Amino acid sequence: MRADLHSHSTASDGTLPPAEVVRQAHAAGLDVIALTDHDTVAGHQEARAALPAGLTLLPGMEMSCRLDGHSVHMLAYLFDPAHPALAAERQAIRESRANRARAMVHRLRDLGAPVTWEQVSAIAGGGVVGRPHIARALAAAGVISSPDDAFGPDWIAAGGRAHVARYAPDPVRAISLVREAGGVSVLAHPRGSIRAWMIPDEVMARLAAAGLTGVEVNHPDQNHAQREHLAGLAASLGLVGTGGSDDHGELTGYRIGCETVGAGEYERLVAQATGAAAVTGS
């Protein structure tokens, strides 16, 4: 069994529609694909309708959090999407994302970059607006060579000239909301080499005590030594060790299925959820 528990679509900052994400997952020989767009479940219905026979969709999202001034991402699965408190929190995060993006566009224009909110919004295509959409607008305008170049101090990296902070809940609150909605939570890419902050062991232990279900061990940005350490830490804390490609389509080189988790850890994860069910195509 091969389960990729981390992917994105045009419902947030991926470049493939949800229907194409599940088709790519099937083509990659996966048994399970989780659709985990940022702070939204908007792509789930389209993904379910397009499921190829035999492929299971694990509904989820990647929830933006903040701890001590640092960005933390929480993967959430199998929660009730209609749960009022969690739905309200998703809405608050999305509104803050949009307001932040508008403010960043204003700062970029003050810096001489010829980008507009209309361009960024068109690139987002109705999905949740994020910094990758601004990066793509900068590249399209010829300000930078590629979207990756935007994530530096000159532009929109944390602390960069055009960066603007936004609202995100504390991860303990996020874990609590997901649990109340019947879901399970997994700490995403805590040690990725390209991350601005590597989450310390003691923070992961604190989150485990607060009800965290798992930690993402297999991720393209985490090297072998980091994975070995995270796997041992997860075992010592009683957490599920998961994995996923974190595919964003063209932005990450169409890598669905490059990182997976097997049947044992997948079944441990889903067994702890009560808010929703995975769906298998027929």
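The values are calculated or read from the model by the stated rules, or taken from the named source; none is laboratory data. These figures come from a predicted structure and were not determined experimentally. Positions of Cβ are generated from backbone atoms using ideal geometry, with glycine treated the same way; all protein chains shown enter the neighbour counts. With ligands, DNA and RNA removed, areas are computed over all heavy atoms of the protein, side chains included. Shrake-Rupley method; radii C 1.70, N 1.55, O 1.52, S 1.80 Å.
Summary of values
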{"item": "Share antiparallel - DSSP beta bridges, the chain, percent rounded to 5", "result": "50"}
{"item": "The chain, accessible surface, carbon-and-sulfur percent (1.4 angstrom probe)", "result": "49"}
{"item": "Label-to-label distance, nm, for residues given as Ala92 and Ala210 (7 Å Cα→Cβ offset)", "result": "1.4"}
{"item": "Cα centroid separation - segment 114-148 against segment 219-282, whole Å", "result": "29"}
{"item": "For Val240, residues with placed amide H under 5 Å, excluding near neighbours", "result": "Gly214, Val215"}
{"item": "Mean Cα-pair separation over length for segment 1-91, i.e. relative contact order, pairs under 8 Å, 6 or more apart, %", "result": "25"}
{"item": "Value of [θ]222 nm, deg cm²/dmol, for the chain, DSSP H segments ≥ 4, -39500 (n - 2.57) each, nearest 500", "result": "-11000 deg cm²/dmol"}
{"item": "Cα gyration tensor shape for segment 232-282, rounded if a/c is under 1.5, else prolate or oblate", "result": "oblate"}
{"item": "In Å², nearest 10: area of Ile199 left accessible to a 1.4 Å probe", "result": "10"}
{"item": "Signed unit charges on C-beta, dipole axis of segment 127-276, positive-most listed residue Gly152, Gly232, Ala188", "result": "Gly152"}
{"item": "Dipole in debye (nearest 20) - the chain, about Cα centre, beta carbon charges: Lys, Arg +1; Asp, Glu -1", "result": "520"}
{"item": "In order through segment 2-9: 3J(HN,Hα) via Karplus (6.51 cos²θ - 1.76 cosθ + 1.60), integer Hz, x for Gly, Pro", "result": "10, 10, 9, 9, 7, 8, 10, 10"}
{"item": "Size of charge dipole - segment 1-58 - debye, nearest 20, with Cβ of Lys, Arg +1 and Asp, Glu -1, no other charges", "result": "220"}
{"item": "The chain: most fluctuating residue of Asp247, Asp154, Asp39 per GNM, C-alpha cutoff 10 Å", "result": "Asp154"}
{"item": "Over segment 173-282, relative contact order from alpha-carbon pairs under 8 Å, at least 6 apart, %", "result": "27"}
